[in-house]
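Below you'll find the structure, written out as C-alpha cells, and then a few comments.
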Amino acid sequence: MTANTELLDPQAPESEVASGHDPVRGGMDPALLGMMLFIASEVMFFAALFAAYFNAMATLPVFPPEIVGGHENPVTITHPPFLPIWMTIILLTSSVTMQWATNRIRKGDRTGLNRAVAITLGLGLVFMVLWASDYALLLSEDFGINSGVYGTLFYTLTGFHGAHVIGGIVGLSVILARGVSGQFTRRHHVAVEAVHYYWHFVDVVWVLLVFVIYILPLLDGGL
C-alpha cells in the first residue's frame, strides 16, 4: 500500500464499502445513520419555512410586495439575475466534485479524494462570497429582514441555507485535513460519506430556493 492509494480487499463487497455498511455490527454505520436522521430533520425544518413562504404568497394580494419598508421593492430594481445564476452553477458544480471525491475514496484513491474535496471546499467558499455580496447589495437598498413579511421570509430562508453551507464548509475542511493526513481508506471513510450526503442536501435546498424565490414569482407575474 502506498501513501496515496490502498490495495483493494477482494473479500469486501463494493456495495458494503460504498454504502457505509458496518461489516462488524451489520446494517448501516451508526455515524452515517445519525447523519441521515439529521438530514431528515432538516428537511422538515426547511419544509416549514417553505410552507410559510407559500402561505404568504397565497394570502398577499401582490407577492413579492411592490412596496417594502416604504421603498420600492429593491429585488425588482437592482437584484442582478447573474448572482443567483452563478451561485447555482457553482453549488451544483461543487456537488459533482463532492461525488467525485466520494467515488475516488471508494476505490482507495486518497490523492483523488483530497483533490476533489479541496475543489469542493473552494467552490463552497466562492459561493459564500457571492452570497455575502448579494446580501450587501440588498441591504444597501434598505431591504432587510425587517422589510415586511417578504423581507423576513427572504432572509430567513436564504440565511438558514447560508448557515448550512457554512456548516458544510467546516465539514469539508475537517475531511480535507483528515484526508491529507491519510486517515481514510477504501473500507474506512464513513465521515466522507456523511459529509457527501450533507453537501448534496445543501445543494438540493438551494435549487429549491432559487426556484421558489427567483423563478416562481416571474412565472406568476409578480416581478
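Points to keep in mind about this one:
- Label positions at Asn55 and Leu83, each projected 7 Å from the Cα along the C-beta direction, are separated by 2.8 nm.
- The range 100-163 - convex hull of alpha carbons, volume per residue in Å³: 75
- Relative packing of 196-208, 177-189, which averages over residues the other C-beta atoms within 10 Å, highest first: 196-208, 177-189
- Residues in the range 144-223 average 39 Å² of solvent-accessible surface per residue, probe 1.4 Å, ligands and nucleic acids excluded.
- The slack between Asn146 and Ala47, meaning 0.36 nm per residue of separation minus the straight C-alpha distance, is 33.4 nm.
- Ordering of 82-90, 141-149 by packing is 141-149, 82-90, highest average first (other Cβ atoms within 10 Å, averaged per residue).
- Global geometry of the range 159-199, whether rounded, prolate or oblate, following the gyration tensor of its Cα atoms and the 1.5 cut on a/c: oblate
The values are calculated or read from the model by the stated rules, or taken from the named source; none is laboratory data. If you're wondering where the values come from, they're calculated on a predicted model, not measured in any experiment. Please note: Cβ atoms are built from the backbone with ideal geometry, for glycine as well, and neighbour counts cover all protein chains shown. The area values use the complete protein model at the heavy-atom level, side chains included, leaving out ligands, DNA and RNA. Shrake-Rupley method; radii C 1.70, N 1.55, O 1.52, S 1.80 Å.
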